């Protein structure tokens, strides 16, 4: 179960860092896709159209495996990398972070820029509402109406809540389970439906007027 938990944010938050006249407004926000990030970037660029730089990083995927960083004209490695580094350090994914720079007339140097973009990101994270969520998978149970009572009894015996239902020409329902437990939950359903021991069934079993499948 612990492997299914990931951390993200549920709303946008803001921060700011100041040094030697330069201001670094920062933003942290939830995203589900690169498109979500790009849309938020456009809004922030419109708000800060006079700023010299709009540096960023984002992470997607339940393990943060999809990511990108960008220095937006700052010296290489001084902006996007420290922003991304803080997202990684705080184990955040499905998030974007943007740090804007208004130049104050005094150069900060490489170390000063790294510190500024890092601290700006930290401030937005500190002000953010970090939440833990569970990665889930849906199992679809399709059945003939003649078997509906049996299906419902199996789910009751397994203490499994129903997520969605469709009682039409092709009746079916879905149950939502932790991602790492999807095969185990499917096997439990099959074993209970067939009245057999769990170790005696496989996912390839043919059920009477009923099927269960893992939805991608």
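Relative contact order (percent) for the chain, with alpha-carbon contacts under 8 angstrom and 6 or more residues of separation?
Computed over the chain, the figure is 24 percent.
Averaged over residues, the count of other Cβ atoms within 10 Å places the peptides 168-179, 106-117 in the sequence 106-117, 168-179, highest first. Taken as Cα centroids, the stretch 147-210 and the stretch 41-120 sit 47 Å apart, rounded to the nearest whole angstrom.
The packing ranking, built from the mean of other Cβ atoms within 10 Å per residue, places the peptides 123-130, 25-32, 47-54 in the order 25-32, 123-130, 47-54, highest first. The residues 84, 203, when put in order of fewest to most other Cβ atoms within 10 Å, stand as 203, 84. Note on the chain: helix-only mean residue ellipticity at 222 nm, from DSSP H runs of 4+ residues weighted -39500 (n - 2.57) and normalised by residue number, equals -9500 deg cm²/dmol.
Relative protection proxy for 159-166, 5-12, 191-198, from highest mean packing down: 5-12, 191-198, 159-166 (other beta-carbon atoms within 10 angstrom).
Taken together, the values in this text are just the output of simple stated rules run on the coordinates, not laboratory data. All figures in this text were calculated on a predicted structure; none of them were measured in a lab. Here Cβ is always computed from backbone atoms with ideal geometry, including for glycine, and neighbour counts include all displayed protein chains.
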